[in-house]
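See below for the structure under consideration.
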Amino acid sequence: MKYSLSLLLLLGLAASCRTLVDNPRAMNGASALRQKSIDEIREADQNFSIMSEKQGMAKAFTTFAADEAIRMNDGAAPTVGFDSLRAQMSRLPNDGSVLTWQILKADAAQSGDLGYTFGQWMLTNKNDKRKPIYGVYVTVWKRQRNGQWRFVIDGGNTTPEPK
C-alpha cells in the first residue's frame, strides 16, 4: 500500500512538473509566443526540406537563407553571406542528387525571434544506385522583419548509416 501511494504521489509530482511549453493551457503570453515560434520554425524547416526534394538544393537554400546566412561546409571553410551562398549553390552539379532531412528537435527563444532545428539528413541520387549518404544538421533560424523565418546559420556533418 505504501508503495502504491508513493508511486501515485511521484507520478502526480512528475505530471505537475511539465514545462509550460508542454502544457499549452498553462502558458502565459511569452510561453505562447515561444511555442508559436517553435511551430513556425518546424514548418519552415519542413518546407525547406520539401523544396530541396522537389526543386533542388540550390533553390531551397537560396529561398530559405537570410541575407547574413552562414553555411558551414563539411571539411571546408564556411560560406558567408547570401551572395556567396547563391554562387556556391549555382556550382552544384546537376547529377540527380536529392537532399532531404527530418527534424528531431526544435526550440526558440522566449522572445520568439530566434530558434533552431536539429535533425538527420540523407543525400540520395535518383540517377544511379549509389548508397545514400547520411548525416546530422543544425540550423539557426531568425524571424525576418516581414515575419518569415530564414536561416542565419546552417551546417552539418556526415554520420554512419542509421541502424
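Of the strands (runs of 3 or more DSSP E) lying entirely inside segment 27-126, those containing at least 2 residues that are open to solvent by less than 70 Å² (accessible area, probe 1.4 Å), more than 23 Å from R143 (Cβ to Cβ) and not aliphatic (A, V, I, L, M) are 97-108, 114-125. Every condition in (1) more than 14 Å from A44 (Cα to Cα); (2) in a strand (DSSP E or B) holds for E161 except the one numbered (2).
The values are calculated or read from the model by the stated rules, or taken from the named source; none is laboratory data. Owing to the predicted nature of the structure, the values given are computational and were not obtained by experimental measurement. So basically every Cβ, Gly included, is an ideal-geometry build from the backbone, and we count neighbours across all protein chains shown. We work out accessible area using only protein heavy atoms, side chains counted, and drop any ligands, DNA or RNA first. Shrake-Rupley method; radii C 1.70, N 1.55, O 1.52, S 1.80 Å.
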